[in-house]
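Report on the following structure.
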Amino acid sequence: MTYRGVSQKLTTLVDYAHMASAEKGAASSGTDNLGSEETRPRPATTSAISPSLSEQRFEDLLEAAPDGIIEVDQDGNIQLANAAVERMFGYTRAELLNRPVDLLVPQASRGMHHTHRAAYWSHPVTRPMGSGLELLAERKDGKSIPVEISLSPTHYKDGFRVTAIIRDISARRAADQKLREIQELHTRQLATANEQLEARNREVERANRLKSEFLASMSHELRTPLHTIIGFAELLGEQLEGPLNSKQQRFVEHIHRDSLHLLELINDILDLSKIEAGHLEIHPTAFEFSMALGEVLATVRHPALAKSISLESVCENGLNIEADRVRIKEVLYNLLSNAVKFTPEHGAIRVKVGAAAGHVEISVDDSGIGIPAEEQASIFDAFHQVGATTRGVREGTGLGLAITKRLVEQHGGKISVESAPGRGSKFTVTLPLRNAAVKVKDFEER
Ligand SMILES: Nc1ncnc2c1ncn2[C@@H]1O[C@H](COP(=O)(O)OP(=O)(O)OP(=O)(O)O)[C@@H](O)[C@H]1O
Ligand SMILES: [Mg+2]
């Protein structure tokens, strides 16, 4: 390698450091214009080290640099190359020095390279080469390698030279490519998983609809013979066709009570299946809320009294609502019968009804056994029961709240629960005062 003056070479190294930071800036800002880096006057000296020591240090630095560094004169001939260039391109330095730099440019780009070089000489500044382009260099064995190149002009007494710092970015490109492939693979896998999930969802929906339809028709079929059993059990109990002994009377009572229980269960299943299959119709009428509430309170008063539970209700008089009266009574009954069922003796139940902003809010508050937080969402699922009632056994089937929630939602309302074990439960239902299916005008004209 031929070294000219130590101080001149050191300025090239200063440039190298400078370009590295300029390159970083360009990469982050996305520009290639390093106009402020116009050829600058060189500092008179770059080192306080003695000249011979500086020369050695410069040589060491140049040789240790991980990037290829070449210096090209105005005729386009390589005047300097470091060890990294030899490794990167597979040429010995002897094969490179005083040879045209085009040797390192792929055949296809040589014509253009010549033009670019001429343009650079007319405006020599420190800048990345071919900014925004994917640059390729050619090795001695003819293989192309992706590179990043920074150029900086150097002043000498006998003219300009260009220092090019060449970085082999094959590893980075390969990593980028690998990353792209992994991303594409993940995107494809995700798309396939989504398709499978959609297909499964459609399948589940279909199965659910079939189940609801099956349950609906089966419950319907079961009700007819059950009505016969109940009717004949009642007839037998009335003893119009002859007297029954006490044992026979007890048997008939059992048949009658359990048949009624079965009918209730079948009706619930039928309701739920109809709601789920979208076949349950709501028939809204305008009615006074306190009247409907009074009727439901009358049916739960007796079982509440049997457990010495106080039953209190506050309801605005004259509060009219547009809804399906039978279904709203069912909602109230489910909440109140639960409150009685899950409140121990001497407890209290409070019902509060109030209207605000086009809605009626009904809360049923009890001092009962409460519901653990982790169960509060599941109690609205069909057949979900948390535990025993205050009588120490499970009563009912766990359909009440599932039906209640669906009926409330079908009215355009919402139901929620606040509860803590041992501290009681509060169920709140919010219903629109006017049923969404009924026009406001119709309601006002009534
Ligand atoms: N007020 C309440 N206090 C404590 N637990 C309650 C209360 N209301 C409901 N639950 C819990 O939620 C479960 C589901 O209630 P849901 O009304 O759906 O069923 P059920 O009352 O057990 O049976 P069904 O209503 O079908 O006769 C109950 O089994 C109970 O564990
Ligand atoms: Mg219930």
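The values are calculated or read from the model by the stated rules, or taken from the named source; none is laboratory data. Computed from a predicted structure; not experimentally measured. Note that we place each Cβ from the backbone using ideal geometry, even for glycine, and neighbour counts take in every protein chain shown. Ligands, DNA and RNA are stripped out before the accessible areas are found, and what is left, the full protein with its side chains, is counted by its heavy atoms. Shrake-Rupley method; radii C 1.70, N 1.55, O 1.52, S 1.80 Å.
The table below lists the values:
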| item | result |
| --- | --- |
| Helices (runs of 4 or more DSSP H) wholly inside the stretch 60-165 containing at least 2 residues that are surrounded by 20 or more Cβ atoms within 10 Å (Cβ to Cβ), on the phi > 0 side of the Ramachandran plot and not aliphatic (A, V, I, L, M) | none |
| The stretch 374-407: number of residues that are under 18 Å from Ile269 (Cβ atoms), of a type in the set (Lys, Arg) and not in a helix (DSSP H, G or I) | 1 |
| Residue that is farthest from ligand 1 (Cβ to nearest atom), among those in the stretch 369-381 that are among the aliphatic types (A, V, I, L, M) and open to solvent by 40 Å² or more (accessible area, probe 1.4 Å) | Ala373 |
| Matching residues, the stretch 401-419, being small (Gly, Ala, Ser) and within 11 Å of ligand 1 (Cβ to nearest atom) | Ala402, Ser419 |
| Pairs, first modelled with pLDDT under 95 in the stretch 189-205, second not in a helix (DSSP H, G or I), C-beta under 7 Å, six or more apart | none |
| Residue among Lys426, Lys441 that is of a type in the set (D, E, K, R), open to solvent by 30 Å² or more (accessible area, probe 1.4 Å) and either within 28 Å of Ser212 (Cα to Cα) or at pLDDT 90 or above (or both) | Lys426 |
| Filter result (at pLDDT 95 or above, more than 15 Å from ligand 2 (Cβ to nearest atom) and farther than 20 Å from Gly387 by Cβ) within the stretch 332-359 | His346, Ala348, Arg350, Val351, Lys352, Val353 |
| Residue that is nearest to ligand 2 (Cβ to nearest atom), among those in the stretch 369-384 that are touching a helix residue (DSSP H, G or I) at 6+ places or on another chain (Cβ under 8 Å) and closer than 22 Å to Gly347 by Cβ | Ile379 |
| Residue check for Ser170: closer than 23 Å to Asn82 by Cα, open to solvent by less than 60 Å² (accessible area, probe 1.4 Å) and free of Cβ contacts under 8 Å to residues at least 40 places away in the same chain | yes |
| Failed criterion for Gly398 (all others in (1) within 21 Å of Lys211 (Cβ to Cβ); (2) open to solvent by 30 Å² or more (accessible area, probe 1.4 Å); (3) within 11 Å of ligand 1 (Cβ to nearest atom) hold) | (2) |
| Any hit, the stretch 347-368, residues being within 11 Å of ligand 1 (Cβ to nearest atom) and of a type in the set (S, T, N, Q) | yes |
| Every residue from the stretch 385-395 that is crowded, with 16+ Cβ neighbours inside 10 Å and within 12 Å of ligand 2 (Cβ to nearest atom) | Gln385, Val386, Thr389 |
| Residue in the stretch 405-416 that is within 27 Å of His346 (Cα to Cα), more than 16 Å from ligand 2 (Cβ to nearest atom) and surrounded by fewer than 21 Cβ atoms within 10 Å (Cβ to Cβ) present | yes |
| Subset of the stretch 301-327 (residues that are modelled with pLDDT of 95 or more, under 25 Å from Ala286 (Cα atoms) and within 16 Å of ligand 2 (Cβ to nearest atom)) | none |
